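Student: Supplied in C-alpha coordinates, the structure appears directly below.
The values are calculated or read from the model by the stated rules, or taken from the named source; none is laboratory data. Fair warning: this is a prediction, and the values are worked out from it, not measured in the lab. Virtual Cβ from ideal backbone geometry, glycine too; neighbours counted across all protein chains shown. When the accessible area is computed, the model is the full protein with side chains, heavy atoms only, and any ligands, DNA or RNA have been set aside. Shrake-Rupley method; radii C 1.70, N 1.55, O 1.52, S 1.80 Å.
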Amino acid sequence: MAKEISGNEQLNVVSMLGVSKRFPGVIANDHVDFVLRQGEVHALLGENGAGKSTLMNVLAGLYRSDGGTIEVNGKAANFGSPREAIEAGIGMVHQHFMLVPSQSVTENVLLGLDEPRFRMNLSRYNKKIEEIAEQYGLHVDPAAKIWQLTVGEQQRVEILKMLYRGAEVLIMDEPTAVLAPSEIEELFKTLRSMTAQDKSIVFISHKLHEVMEISDRVTVLQKGKVTSSGIQTKDVTRADLARLMVGREVVFRVEKKLVEIGDTVLSVKNLKADNDKGLSAINGVSLTVSQGEIVGLAGVAGNGQNELAETLAGLREVLDGEIIVNDKDVTNNPVKKGIRQGISLIPADRTLVGTAPNLSVTDNMIMKNYDQEPIGQGWIVNSTEANSYASDLKEAYEIMVPTIETSVRLLSGGNLQKVILAREISSEPKLMVAVQPTRGLDVGAIEGVQKLILAQREAGAAILLISEELDELISLSDRIYVIYEGEIMGQVDDGDIDKIGQMMMGARLEHIEKEGVA
Ligand SMILES: Nc1ncnc2c1ncn2[C@@H]1O[C@H](COP(=O)(O)OP(=O)(O)O)[C@@H](O)[C@H]1O
Ligand SMILES: [Mg+2]
(Lines give C-alpha, C1' and ligand atoms only; values in the text may rest on other atoms or scores of the structure.)
(Ligands and ions follow the chains in the order given, each with its own letter.)
Protein backbone atom coordinates (compact mmCIF):
# COMPACT_ATOMS: atom_id res chain seq x y z
CA MET A 1 0.00 0.00 0.00
CA ALA A 2 1.21 3.48 -0.76
CA LYS A 3 1.93 5.37 2.40
CA GLU A 4 0.38 8.72 3.22
CA ILE A 5 2.65 11.70 3.19
CA SER A 6 2.13 13.76 6.30
CA GLY A 7 1.64 17.49 5.94
CA ASN A 8 5.06 18.61 7.07
CA GLU A 9 6.99 16.42 4.63
CA GLN A 10 6.66 18.76 1.66
CA LEU A 11 10.37 19.56 1.45
CA ASN A 12 11.59 19.31 -2.13
CA VAL A 13 14.87 17.41 -2.23
CA VAL A 14 15.22 17.43 -5.99
CA SER A 15 13.66 19.88 -8.36
CA MET A 16 14.18 19.47 -12.10
CA LEU A 17 12.42 22.11 -14.17
CA GLY A 18 12.25 22.25 -17.97
CA VAL A 19 15.09 19.78 -18.29
CA SER A 20 16.00 18.76 -21.84
CA LYS A 21 18.47 16.24 -23.16
CA ARG A 22 19.14 15.53 -26.82
CA PHE A 23 20.95 12.66 -28.47
CA PRO A 24 21.74 12.66 -32.19
CA GLY A 25 18.36 12.38 -33.88
CA VAL A 26 16.27 12.09 -30.72
CA ILE A 27 15.04 14.35 -27.94
CA ALA A 28 15.21 11.98 -24.99
CA ASN A 29 13.91 14.57 -22.51
CA ASP A 30 11.86 17.52 -23.71
CA HIS A 31 11.36 20.22 -21.04
CA VAL A 32 10.71 17.74 -18.27
CA ASP A 33 9.50 18.82 -14.82
CA PHE A 34 10.21 16.39 -12.01
CA VAL A 35 10.07 17.22 -8.32
CA LEU A 36 11.06 14.75 -5.62
CA ARG A 37 9.90 15.32 -2.05
CA GLN A 38 11.64 14.11 1.04
CA GLY A 39 10.42 10.76 2.35
CA GLU A 40 8.44 9.71 -0.73
CA VAL A 41 8.64 6.94 -3.28
CA HIS A 42 8.20 8.74 -6.57
CA ALA A 43 7.62 6.48 -9.56
CA LEU A 44 8.96 7.49 -12.94
CA LEU A 45 6.72 5.63 -15.34
CA GLY A 46 6.92 5.29 -19.11
CA GLU A 47 7.30 2.85 -21.96
CA ASN A 48 10.63 1.70 -23.29
CA GLY A 49 12.46 4.64 -24.77
CA ALA A 50 10.30 7.24 -23.02
CA GLY A 51 13.38 8.88 -21.50
CA LYS A 52 13.27 7.66 -17.88
CA SER A 53 16.86 6.43 -17.61
CA THR A 54 18.16 9.48 -19.42
CA LEU A 55 16.43 11.89 -17.03
CA MET A 56 17.85 10.13 -14.00
CA ASN A 57 21.28 9.79 -15.59
CA VAL A 58 21.23 13.58 -15.92
CA LEU A 59 20.38 13.93 -12.24
CA ALA A 60 23.00 11.37 -11.19
CA GLY A 61 25.82 13.09 -13.06
CA LEU A 62 26.25 10.69 -15.98
CA TYR A 63 24.91 13.07 -18.63
CA ARG A 64 24.88 16.85 -18.87
CA SER A 65 21.50 18.36 -19.65
CA ASP A 66 21.01 20.63 -22.68
CA GLY A 67 18.69 22.96 -20.83
CA GLY A 68 16.55 23.57 -17.79
CA THR A 69 17.41 23.90 -14.12
CA ILE A 70 18.19 21.33 -11.47
CA GLU A 71 18.24 22.00 -7.75
CA VAL A 72 19.15 19.63 -4.96
CA ASN A 73 18.15 20.76 -1.48
CA GLY A 74 17.52 24.22 -2.86
CA LYS A 75 20.96 24.61 -4.41
CA ALA A 76 21.69 24.67 -8.14
CA ALA A 77 23.10 21.31 -9.13
CA ASN A 78 24.57 20.24 -12.45
CA PHE A 79 26.75 17.31 -11.58
CA GLY A 80 29.68 16.54 -13.81
CA SER A 81 30.16 12.99 -12.52
CA PRO A 82 28.43 10.34 -10.41
CA ARG A 83 30.96 11.11 -7.69
CA GLU A 84 29.77 14.71 -7.47
CA ALA A 85 26.17 13.50 -7.39
CA ILE A 86 26.78 11.09 -4.56
CA GLU A 87 28.61 13.80 -2.62
CA ALA A 88 25.36 15.75 -2.83
CA GLY A 89 23.46 12.68 -1.60
CA ILE A 90 22.16 11.35 -4.94
CA GLY A 91 22.84 7.65 -5.60
CA MET A 92 21.67 5.56 -8.52
CA VAL A 93 21.37 1.80 -8.88
CA HIS A 94 21.55 1.00 -12.59
CA GLN A 95 19.91 -1.82 -14.50
CA HIS A 96 23.28 -3.45 -15.03
CA PHE A 97 25.22 -3.88 -11.85
CA MET A 98 28.78 -2.72 -11.56
CA LEU A 99 30.30 -5.17 -9.07
CA VAL A 100 33.58 -7.09 -9.03
CA PRO A 101 32.65 -10.80 -8.91
CA SER A 102 35.87 -12.04 -7.28
CA GLN A 103 35.65 -9.60 -4.38
CA SER A 104 33.58 -9.67 -1.22
CA VAL A 105 30.49 -7.59 -0.48
CA THR A 106 32.46 -5.33 1.83
CA GLU A 107 35.28 -4.85 -0.66
CA ASN A 108 32.75 -3.90 -3.32
CA VAL A 109 31.02 -1.44 -1.02
CA LEU A 110 34.32 0.22 -0.19
CA LEU A 111 35.66 0.16 -3.74
CA GLY A 112 36.62 3.60 -4.99
CA LEU A 113 36.42 5.20 -1.56
CA ASP A 114 39.42 6.85 0.02
CA GLU A 115 39.77 4.30 2.74
CA PRO A 116 43.17 2.90 1.82
CA ARG A 117 43.77 0.66 4.77
CA PHE A 118 40.42 -1.07 4.69
CA ARG A 119 41.98 -4.36 3.69
CA MET A 120 43.74 -4.61 7.06
CA ASN A 121 40.59 -3.87 8.85
CA LEU A 122 37.98 -5.70 6.87
CA SER A 123 36.14 -7.07 9.87
CA ARG A 124 35.59 -3.58 11.24
CA TYR A 125 34.04 -2.56 7.92
CA ASN A 126 32.06 -5.78 7.75
CA LYS A 127 30.47 -4.73 10.99
CA LYS A 128 29.64 -1.25 9.77
CA ILE A 129 28.08 -2.63 6.60
CA GLU A 130 26.15 -5.19 8.60
CA GLU A 131 24.68 -2.36 10.64
CA ILE A 132 23.45 -0.49 7.58
CA ALA A 133 22.12 -3.73 6.11
CA GLU A 134 20.27 -4.44 9.34
CA GLN A 135 18.80 -0.94 9.45
CA TYR A 136 17.14 -1.33 6.03
CA GLY A 137 16.47 -5.05 5.91
CA LEU A 138 19.09 -5.71 3.23
CA HIS A 139 19.97 -9.31 3.97
CA VAL A 140 23.40 -10.17 2.64
CA ASP A 141 26.60 -11.59 4.15
CA PRO A 142 29.35 -8.91 4.03
CA ALA A 143 32.07 -11.53 3.74
CA ALA A 144 30.48 -13.40 0.80
CA LYS A 145 32.01 -13.01 -2.64
CA ILE A 146 29.83 -11.39 -5.29
CA TRP A 147 29.89 -14.45 -7.56
CA GLN A 148 28.31 -16.50 -4.79
CA LEU A 149 25.29 -14.19 -4.58
CA THR A 150 21.94 -14.31 -6.33
CA VAL A 151 21.00 -11.39 -8.56
CA GLY A 152 18.68 -10.14 -5.82
CA GLU A 153 21.52 -10.13 -3.30
CA GLN A 154 23.78 -8.33 -5.75
CA GLN A 155 21.17 -5.65 -6.05
CA ARG A 156 21.25 -5.26 -2.27
CA VAL A 157 25.01 -4.75 -2.48
CA GLU A 158 24.47 -1.94 -4.99
CA ILE A 159 21.98 -0.33 -2.61
CA LEU A 160 24.40 -0.77 0.30
CA LYS A 161 27.12 0.92 -1.73
CA MET A 162 24.93 3.98 -2.13
CA LEU A 163 23.78 4.04 1.49
CA TYR A 164 27.35 3.66 2.73
CA ARG A 165 28.25 6.74 0.70
CA GLY A 166 25.49 8.64 2.43
CA ALA A 167 22.82 8.67 -0.28
CA GLU A 168 19.71 10.56 0.78
CA VAL A 169 18.09 10.05 -2.60
CA LEU A 170 18.16 6.59 -4.11
CA ILE A 171 17.31 6.15 -7.79
CA MET A 172 16.39 2.60 -8.73
CA ASP A 173 16.30 1.95 -12.50
CA GLU A 174 13.82 -0.87 -13.24
CA PRO A 175 14.95 -2.78 -10.15
CA THR A 176 12.29 -5.49 -10.30
CA ALA A 177 13.16 -6.72 -13.79
CA VAL A 178 15.69 -9.19 -12.43
CA LEU A 179 13.78 -10.28 -9.31
CA ALA A 180 11.44 -13.12 -8.36
CA PRO A 181 8.16 -12.12 -6.70
CA SER A 182 9.32 -12.72 -3.12
CA GLU A 183 12.48 -10.70 -3.78
CA ILE A 184 10.30 -7.88 -5.10
CA GLU A 185 8.40 -7.90 -1.80
CA GLU A 186 11.72 -7.76 0.09
CA LEU A 187 12.87 -4.83 -2.03
CA PHE A 188 9.62 -2.99 -1.42
CA LYS A 189 10.06 -3.47 2.33
CA THR A 190 13.54 -2.00 2.09
CA LEU A 191 12.27 0.97 0.09
CA ARG A 192 9.55 1.58 2.67
CA SER A 193 11.99 1.42 5.54
CA MET A 194 14.14 3.95 3.73
CA THR A 195 11.31 6.42 3.28
CA ALA A 196 10.32 5.87 6.91
CA GLN A 197 13.81 7.16 7.72
CA ASP A 198 13.23 10.22 5.52
CA LYS A 199 15.19 9.07 2.52
CA SER A 200 13.62 9.64 -0.90
CA ILE A 201 13.28 7.12 -3.68
CA VAL A 202 12.90 7.41 -7.43
CA PHE A 203 11.41 4.15 -8.65
CA ILE A 204 11.74 3.74 -12.43
CA SER A 205 9.38 1.22 -13.98
CA HIS A 206 7.09 0.43 -16.89
CA LYS A 207 5.00 -1.96 -14.80
CA LEU A 208 1.74 -0.41 -13.73
CA HIS A 209 0.88 -2.75 -10.89
CA GLU A 210 4.23 -2.15 -9.20
CA VAL A 211 3.89 1.59 -9.54
CA MET A 212 0.40 1.37 -8.03
CA GLU A 213 1.71 -0.69 -5.14
CA ILE A 214 4.89 1.08 -4.12
CA SER A 215 4.68 4.75 -5.07
CA ASP A 216 3.30 7.78 -3.26
CA ARG A 217 3.39 9.92 -6.37
CA VAL A 218 4.05 9.29 -10.03
CA THR A 219 5.45 11.20 -12.98
CA VAL A 220 4.68 9.80 -16.40
CA LEU A 221 6.87 10.25 -19.47
CA GLN A 222 5.74 9.64 -23.00
CA LYS A 223 8.24 9.99 -25.85
CA GLY A 224 10.44 12.32 -23.81
CA LYS A 225 7.63 14.59 -22.59
CA VAL A 226 5.89 14.62 -19.24
CA THR A 227 2.21 13.74 -19.51
CA SER A 228 1.67 14.02 -15.79
CA SER A 229 4.06 15.39 -13.19
CA GLY A 230 3.85 14.23 -9.60
CA ILE A 231 0.23 13.13 -9.26
CA GLN A 232 -0.74 11.27 -6.10
CA THR A 233 -0.87 7.57 -6.87
CA LYS A 234 -3.95 7.09 -4.73
CA ASP A 235 -5.85 9.51 -6.97
CA VAL A 236 -5.33 7.51 -10.18
CA THR A 237 -6.25 4.10 -11.55
CA ARG A 238 -4.14 1.67 -13.50
CA ALA A 239 -6.13 2.57 -16.60
CA ASP A 240 -5.42 6.30 -16.06
CA LEU A 241 -1.71 5.61 -15.88
CA ALA A 242 -1.81 3.39 -18.96
CA ARG A 243 -3.50 6.16 -20.91
CA LEU A 244 -0.88 8.70 -19.76
CA MET A 245 1.85 6.29 -20.77
CA VAL A 246 0.53 5.31 -24.20
CA GLY A 247 -1.72 8.20 -25.13
CA ARG A 248 -4.86 6.14 -25.69
CA GLU A 249 -7.21 3.70 -23.98
CA VAL A 250 -5.76 0.28 -23.29
CA VAL A 251 -7.75 -2.87 -22.65
CA PHE A 252 -6.13 -5.11 -20.05
CA ARG A 253 -8.26 -8.21 -20.03
CA VAL A 254 -7.31 -10.76 -22.61
CA GLU A 255 -10.29 -12.69 -23.80
CA LYS A 256 -9.68 -16.38 -23.58
CA LYS A 257 -12.12 -18.66 -25.32
CA LEU A 258 -12.78 -22.21 -24.24
CA VAL A 259 -10.72 -24.47 -26.47
CA GLU A 260 -10.83 -28.24 -26.56
CA ILE A 261 -7.44 -29.67 -25.74
CA GLY A 262 -6.31 -32.21 -28.34
CA ASP A 263 -3.43 -34.61 -28.82
CA THR A 264 0.00 -34.07 -27.39
CA VAL A 265 2.07 -32.20 -29.95
CA LEU A 266 5.32 -31.63 -28.11
CA SER A 267 6.84 -34.04 -25.69
CA VAL A 268 10.24 -33.28 -24.22
CA LYS A 269 11.85 -36.09 -22.30
CA ASN A 270 14.74 -35.70 -19.92
CA LEU A 271 16.45 -33.13 -22.11
CA LYS A 272 20.01 -32.00 -21.48
CA ALA A 273 21.95 -29.22 -23.18
CA ASP A 274 24.83 -26.85 -22.47
CA ASN A 275 25.02 -23.10 -22.75
CA ASP A 276 27.50 -21.21 -24.96
CA LYS A 277 30.20 -21.54 -22.33
CA GLY A 278 29.87 -25.33 -22.35
CA LEU A 279 28.25 -25.44 -18.91
CA SER A 280 25.07 -27.35 -18.22
CA ALA A 281 22.05 -25.15 -18.97
CA ILE A 282 19.23 -27.69 -19.26
CA ASN A 283 19.45 -30.58 -16.88
CA GLY A 284 16.81 -33.22 -17.47
CA VAL A 285 13.79 -31.16 -18.54
CA SER A 286 10.55 -33.00 -19.31
CA LEU A 287 7.34 -31.33 -20.42
CA THR A 288 4.40 -31.66 -22.80
CA VAL A 289 2.25 -29.28 -24.82
CA SER A 290 -0.99 -30.30 -26.53
CA GLN A 291 -3.15 -28.94 -29.34
CA GLY A 292 -5.15 -25.92 -28.31
CA GLU A 293 -3.22 -25.08 -25.18
CA ILE A 294 -0.80 -22.41 -24.17
CA VAL A 295 1.75 -23.79 -21.77
CA GLY A 296 3.81 -21.22 -19.91
CA LEU A 297 7.39 -21.58 -18.79
CA ALA A 298 8.14 -19.25 -15.89
CA GLY A 299 11.52 -18.49 -14.40
CA VAL A 300 13.93 -15.74 -13.47
CA ALA A 301 16.02 -14.73 -16.50
CA GLY A 302 18.95 -17.00 -17.27
CA ASN A 303 17.70 -20.28 -15.85
CA GLY A 304 17.90 -22.18 -19.14
CA GLN A 305 14.86 -20.74 -20.93
CA ASN A 306 16.72 -19.54 -24.02
CA GLU A 307 18.73 -22.73 -24.35
CA LEU A 308 15.56 -24.81 -24.12
CA ALA A 309 13.91 -22.77 -26.87
CA GLU A 310 16.97 -23.14 -29.06
CA THR A 311 17.11 -26.92 -28.69
CA LEU A 312 13.43 -27.09 -29.64
CA ALA A 313 14.06 -25.04 -32.75
CA GLY A 314 17.09 -27.10 -33.74
CA LEU A 315 19.51 -24.25 -33.08
CA ARG A 316 21.31 -25.91 -30.16
CA GLU A 317 22.62 -29.44 -29.74
CA VAL A 318 20.74 -31.84 -27.50
CA LEU A 319 23.20 -33.84 -25.40
CA ASP A 320 20.74 -36.29 -23.91
CA GLY A 321 17.02 -36.95 -23.89
CA GLU A 322 14.60 -36.46 -26.76
CA ILE A 323 12.18 -34.07 -28.40
CA ILE A 324 9.07 -35.65 -29.90
CA VAL A 325 6.76 -33.63 -32.14
CA ASN A 326 3.58 -35.34 -33.30
CA ASP A 327 5.04 -38.74 -32.48
CA LYS A 328 8.17 -38.10 -34.54
CA ASP A 329 11.59 -37.88 -32.95
CA VAL A 330 13.01 -34.53 -34.05
CA THR A 331 15.94 -34.45 -31.61
CA ASN A 332 18.87 -32.62 -33.23
CA ASN A 333 17.08 -32.28 -36.55
CA PRO A 334 18.48 -29.47 -38.68
CA VAL A 335 16.56 -26.18 -38.61
CA LYS A 336 15.18 -26.63 -42.10
CA LYS A 337 13.61 -29.88 -41.04
CA GLY A 338 12.05 -28.21 -38.00
CA ILE A 339 10.26 -25.81 -40.30
CA ARG A 340 8.93 -28.67 -42.40
CA GLN A 341 7.55 -30.38 -39.32
CA GLY A 342 5.69 -27.30 -38.28
CA ILE A 343 7.81 -26.00 -35.42
CA SER A 344 7.88 -22.26 -35.28
CA LEU A 345 10.10 -20.13 -33.07
CA ILE A 346 9.43 -16.56 -32.03
CA PRO A 347 12.89 -15.78 -30.69
CA ALA A 348 13.81 -13.46 -27.84
CA ASP A 349 16.37 -11.64 -29.92
CA ARG A 350 14.40 -10.25 -32.83
CA THR A 351 17.29 -8.50 -34.50
CA LEU A 352 19.84 -11.32 -34.45
CA VAL A 353 17.81 -14.48 -34.89
CA GLY A 354 14.35 -13.28 -35.79
CA THR A 355 15.08 -11.16 -38.80
CA ALA A 356 17.73 -10.19 -41.31
CA PRO A 357 17.99 -6.46 -40.52
CA ASN A 358 19.26 -5.28 -43.90
CA LEU A 359 16.73 -7.21 -45.96
CA SER A 360 13.32 -5.85 -46.88
CA VAL A 361 10.04 -6.60 -45.17
CA THR A 362 9.18 -8.88 -48.10
CA ASP A 363 12.41 -10.86 -47.88
CA ASN A 364 11.95 -11.30 -44.15
CA MET A 365 8.40 -12.48 -44.62
CA ILE A 366 9.19 -15.13 -47.21
CA MET A 367 12.14 -16.60 -45.29
CA LYS A 368 10.24 -19.77 -44.56
CA ASN A 369 8.57 -20.37 -47.89
CA TYR A 370 10.80 -18.82 -50.56
CA ASP A 371 11.39 -22.28 -52.01
CA GLN A 372 7.76 -23.32 -52.16
CA GLU A 373 5.11 -22.70 -54.80
CA PRO A 374 3.88 -20.18 -55.72
CA ILE A 375 6.71 -17.98 -54.44
CA GLY A 376 9.54 -20.35 -55.24
CA GLN A 377 9.52 -21.64 -58.80
CA GLY A 378 12.34 -24.01 -59.42
CA TRP A 379 15.51 -22.08 -58.69
CA ILE A 380 13.97 -18.63 -58.78
CA VAL A 381 11.77 -16.55 -56.54
CA ASN A 382 8.71 -15.09 -58.20
CA SER A 383 8.92 -11.52 -56.95
CA THR A 384 5.35 -10.62 -57.91
CA GLU A 385 4.04 -13.49 -55.80
CA ALA A 386 6.45 -12.64 -52.97
CA ASN A 387 5.36 -9.00 -52.95
CA SER A 388 1.67 -9.76 -52.94
CA TYR A 389 2.19 -12.28 -50.14
CA ALA A 390 4.05 -9.66 -48.08
CA SER A 391 1.47 -6.95 -48.84
CA ASP A 392 -1.32 -9.21 -47.63
CA LEU A 393 0.48 -9.90 -44.36
CA LYS A 394 1.34 -6.24 -43.87
CA GLU A 395 -2.34 -5.46 -44.15
CA ALA A 396 -3.59 -8.33 -42.02
CA TYR A 397 -1.17 -7.64 -39.18
CA GLU A 398 -1.39 -3.85 -39.42
CA ILE A 399 2.35 -3.46 -39.79
CA MET A 400 3.24 0.22 -39.94
CA VAL A 401 5.92 0.57 -42.59
CA PRO A 402 6.17 2.92 -45.58
CA THR A 403 6.63 0.13 -48.14
CA ILE A 404 7.37 -3.58 -48.13
CA GLU A 405 10.72 -2.73 -49.74
CA THR A 406 11.87 -1.00 -46.52
CA SER A 407 14.71 -2.70 -44.62
CA VAL A 408 13.39 -4.15 -41.40
CA ARG A 409 16.17 -2.51 -39.39
CA LEU A 410 14.21 0.73 -39.74
CA LEU A 411 11.13 -0.73 -38.04
CA SER A 412 10.10 -0.07 -34.42
CA GLY A 413 10.15 -2.99 -31.96
CA GLY A 414 6.41 -3.57 -32.17
CA ASN A 415 6.34 -3.63 -35.96
CA LEU A 416 9.41 -5.84 -36.15
CA GLN A 417 7.74 -8.30 -33.80
CA LYS A 418 4.66 -8.25 -35.99
CA VAL A 419 6.76 -9.10 -39.06
CA ILE A 420 8.09 -12.15 -37.23
CA LEU A 421 4.67 -13.15 -35.94
CA ALA A 422 3.12 -12.69 -39.38
CA ARG A 423 5.77 -14.91 -40.94
CA GLU A 424 5.62 -17.57 -38.25
CA ILE A 425 1.85 -17.70 -37.93
CA SER A 426 1.23 -17.79 -41.65
CA SER A 427 3.37 -20.90 -41.83
CA GLU A 428 0.50 -22.50 -39.85
CA PRO A 429 2.70 -24.04 -37.18
CA LYS A 430 1.55 -27.07 -35.24
CA LEU A 431 3.87 -26.00 -32.49
CA MET A 432 4.85 -22.46 -31.68
CA VAL A 433 7.62 -21.65 -29.22
CA ALA A 434 7.38 -18.00 -28.25
CA VAL A 435 10.21 -16.53 -26.21
CA GLN A 436 9.45 -13.16 -24.56
CA PRO A 437 7.12 -12.27 -27.42
CA THR A 438 6.12 -8.92 -25.92
CA ARG A 439 9.39 -7.82 -24.36
CA GLY A 440 10.19 -4.19 -25.03
CA LEU A 441 6.90 -3.51 -26.79
CA ASP A 442 4.60 -0.70 -25.78
CA VAL A 443 1.32 -1.48 -24.10
CA GLY A 444 -0.67 -1.13 -27.32
CA ALA A 445 1.57 -3.48 -29.29
CA ILE A 446 1.52 -6.01 -26.42
CA GLU A 447 -2.24 -6.19 -26.71
CA GLY A 448 -1.96 -6.96 -30.43
CA VAL A 449 0.71 -9.62 -30.04
CA GLN A 450 -1.17 -11.37 -27.22
CA LYS A 451 -4.30 -11.48 -29.37
CA LEU A 452 -2.32 -13.11 -32.19
CA ILE A 453 -1.01 -15.78 -29.83
CA LEU A 454 -4.48 -16.52 -28.47
CA ALA A 455 -5.78 -16.80 -32.04
CA GLN A 456 -3.18 -19.49 -32.69
CA ARG A 457 -4.42 -21.41 -29.68
CA GLU A 458 -7.96 -21.21 -31.02
CA ALA A 459 -6.70 -22.47 -34.36
CA GLY A 460 -5.48 -25.58 -32.57
CA ALA A 461 -1.75 -24.89 -32.37
CA ALA A 462 0.25 -26.06 -29.37
CA ILE A 463 2.04 -23.08 -27.84
CA LEU A 464 4.95 -22.99 -25.47
CA LEU A 465 5.17 -19.49 -24.04
CA ILE A 466 8.46 -18.63 -22.40
CA SER A 467 8.33 -15.35 -20.55
CA GLU A 468 9.76 -13.48 -17.59
CA GLU A 469 6.57 -11.46 -17.27
CA LEU A 470 4.51 -13.39 -14.73
CA ASP A 471 1.41 -11.30 -15.40
CA GLU A 472 1.50 -12.24 -19.04
CA LEU A 473 2.13 -15.92 -18.33
CA ILE A 474 -0.72 -16.14 -15.87
CA SER A 475 -3.22 -14.35 -18.08
CA LEU A 476 -2.41 -16.32 -21.25
CA SER A 477 -1.41 -19.80 -20.10
CA ASP A 478 -3.54 -22.86 -19.45
CA ARG A 479 -0.73 -24.46 -17.44
CA ILE A 480 2.59 -23.13 -16.18
CA TYR A 481 5.86 -24.94 -15.60
CA VAL A 482 8.60 -23.27 -13.58
CA ILE A 483 12.25 -23.67 -14.52
CA TYR A 484 15.12 -23.08 -12.10
CA GLU A 485 18.78 -23.72 -12.91
CA GLY A 486 17.82 -25.86 -15.87
CA GLU A 487 15.35 -28.06 -13.99
CA ILE A 488 11.57 -28.06 -13.84
CA MET A 489 10.46 -27.38 -10.26
CA GLY A 490 6.83 -28.28 -10.93
CA GLN A 491 3.71 -27.10 -12.73
CA VAL A 492 0.44 -25.41 -11.78
CA ASP A 493 -2.80 -25.09 -13.72
CA ASP A 494 -4.46 -22.44 -11.54
CA GLY A 495 -1.92 -19.63 -11.93
CA ASP A 496 -1.11 -19.79 -8.18
CA ILE A 497 1.40 -16.95 -7.97
CA ASP A 498 2.70 -17.93 -4.51
CA LYS A 499 3.64 -21.39 -5.66
CA ILE A 500 5.11 -20.10 -8.91
CA GLY A 501 7.14 -17.54 -6.97
CA GLN A 502 8.57 -20.12 -4.61
CA MET A 503 9.46 -22.42 -7.48
CA MET A 504 11.19 -19.52 -9.24
CA MET A 505 13.43 -19.32 -6.17
CA GLY A 506 14.32 -23.01 -6.45
CA ALA A 507 11.72 -24.78 -4.29
CA ARG A 508 10.25 -27.96 -5.74
CA LEU A 509 6.46 -28.15 -5.88
CA GLU A 510 6.35 -31.39 -3.92
CA HIS A 511 8.26 -29.73 -1.07
CA ILE A 512 6.05 -26.66 -1.09
CA GLU A 513 2.96 -28.84 -0.93
CA LYS A 514 4.40 -31.12 1.76
CA GLU A 515 5.31 -28.21 3.98
CA GLY A 516 2.07 -26.46 3.16
CA VAL A 517 3.89 -23.13 2.91
CA ALA A 518 1.96 -21.73 -0.01
N1 LIG B 1 23.55 7.21 -24.92
C2 LIG B 1 22.59 7.38 -25.84
N3 LIG B 1 22.88 7.75 -27.10
C4 LIG B 1 21.91 7.96 -28.01
N5 LIG B 1 20.60 7.82 -27.79
C6 LIG B 1 20.24 7.45 -26.55
C7 LIG B 1 21.20 7.20 -25.51
N8 LIG B 1 20.54 6.85 -24.39
C9 LIG B 1 19.23 6.86 -24.71
N10 LIG B 1 19.04 7.22 -26.00
C11 LIG B 1 17.74 7.39 -26.67
O12 LIG B 1 16.97 8.26 -25.89
C13 LIG B 1 15.63 7.83 -25.79
C14 LIG B 1 15.27 7.60 -24.34
O15 LIG B 1 15.96 6.47 -23.85
P16 LIG B 1 15.94 6.01 -22.33
O17 LIG B 1 16.15 7.18 -21.45
O18 LIG B 1 16.88 4.89 -22.20
O19 LIG B 1 14.44 5.50 -22.17
P20 LIG B 1 13.79 4.59 -21.01
O21 LIG B 1 14.76 4.49 -19.88
O22 LIG B 1 12.52 5.29 -20.66
O23 LIG B 1 13.51 3.26 -21.65
C24 LIG B 1 15.53 6.59 -26.66
O25 LIG B 1 15.09 6.98 -27.93
C26 LIG B 1 16.95 6.11 -26.72
O27 LIG B 1 17.18 5.39 -27.90
MG1 LIG C 1 15.61 2.77 -19.11
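Student: Compute the long axis of helix 151-164 from its Cα atoms, compare it with the longest principal axis of the Cα atoms of the chain, and write down the angle in degrees, 0 to 90, nearest 10.
Tutor: 20 degrees
Student: What does the extension gain come out to for Phe23 and Ala144, with contour length at 0.36 nm per residue minus their alpha carbon separation?
Tutor: 39.5 nm
Student: Then there is this: Taking Cα pairs under 8 Å and at least six residues apart, what relative contact order does the chain come out at, in percent?
Tutor: This gives 14 percent for the chain.
Student: Can I ask one more? Amide H of Asp320: which non-local residues (sequence gap of 5 or more, or other chain) have their own amide H closer than 5 Å, using H built in the peptide plane?
Tutor: Long-range HN contacts for Asp320: Lys272.
Student: Could you check the simple spin-label distance between Ser407 and Glu317, using points 7 Å along Cα→Cβ, in nm with one decimal?
Tutor: 3.4 nm
Student: Please work out the average accessible area per residue across region 97-164, using the 1.4 Å probe convention, and give it in Å².
Tutor: 53 Å²
Student: Could I ask something else about it? Can you tell me the length gained on complete extension of the stretch Glu134 to Glu398, counting 0.36 nm per residue apart and subtracting the Cα distance?
Tutor: 89.7 nm is the gain from fully extending Glu134 to Glu398.
Student: Oh, and also: Given 0.36 nm per residue, what is the gain on full extension from Ile380 to His209 after removing their alpha carbon distance, in nm?
Tutor: 56.3 nm
Student: What net charge is computed for the residues neighbouring Asn29, neighbours being all others with C-beta under 13 Å from the C-beta of Asn29, Lys and Arg scored +1, Asp and Glu -1?
Tutor: So the environment of Asn29 carries a net charge of +3.
Student: Taking the DSSP beta bridges in the chain as the whole, what percent of them are antiparallel, to the nearest 5?
Tutor: 55 percent
Student: Sum up the charges of everything whose Cβ sits under 15 Å from the Cβ of Ser267, counting Lys and Arg as +1 and Asp and Glu as -1, but leave Ser267 out.
Tutor: Overall, the nearby charge balance is -1.
Student: For the chain, report the % of Cα-Cα distances exceeding 46 Å.
Tutor: 18 percent
Student: Enumerate the calculated ³J(HN,Hα) couplings along region 364-378 in order (Karplus 6.51 cos²θ - 1.76 cosθ + 1.60, θ = phi - 60°), each rounded to whole Hz, writing x wherever the residue is Gly or Pro.
Tutor: 5, 6, 9, 3, 9, 9, 5, 9, 10, 4, x, 6, x, 10, x
Student: Dividing the convex hull volume of the Cα atoms of region 97-164 by its residue count, what figure in Å³ per residue is obtained?
Tutor: Once divided by residue count, the hull of region 97-164 is 75 Å³.
Student: Here is a further query. Would you calculate the separation in nanometres between label points at Ala196 and Ser391, each defined as 7 Å from the Cα along the Cα-to-beta-carbon direction?
Tutor: Using points 7 Å along Cα→Cβ, the separation is 6.6 nm.
Student: Tell me, what % of the accessible area of the chain is carbon and sulfur with a 1.4 angstrom probe?
Tutor: On the chain, the fraction of accessible area on carbon and sulfur atoms equals 50 percent.
Student: Just add up the charged neighbours of Leu17: K/R +1, D/E -1, any other residue whose Cβ is under 10 Å from the Cβ of Leu17.
Tutor: So the surrounding residues net to -2.
Student: Here's something else I'd like to know. Could you work out the helix-only [θ] at 222 nm for the chain, with each DSSP H run of four or more residues adding -39,500 (n - 2.57) and the total divided by the number of residues, to the nearest 500 deg cm²/dmol?
Tutor: So the helix-based figure for the chain works out to -9500 deg cm²/dmol.
Student: Normalised by the number of residues in region 97-164, what is the relative contact order in percent for Cα pairs under 8 Å and 6+ residues apart?
Tutor: This gives 50 percent for region 97-164.
Student: Starting from a Cα-only point model with no solvent, please compute log10 I(q)/I(0) by Debye for region 114-233 at q = 0.09, 0.13, 0.21 1/Å.
Tutor: Evaluating at q = 0.09, 0.13, 0.21 Å⁻¹ gives log10 I(q)/I(0) of -0.30, -0.58, -1.26.
Student: Could you pull out every one of the lysines with an alpha carbon less than 21 Å from that of Lys269, ignoring same-chain neighbours closer than 8 positions?
Tutor: Lys328, Lys337, Lys430
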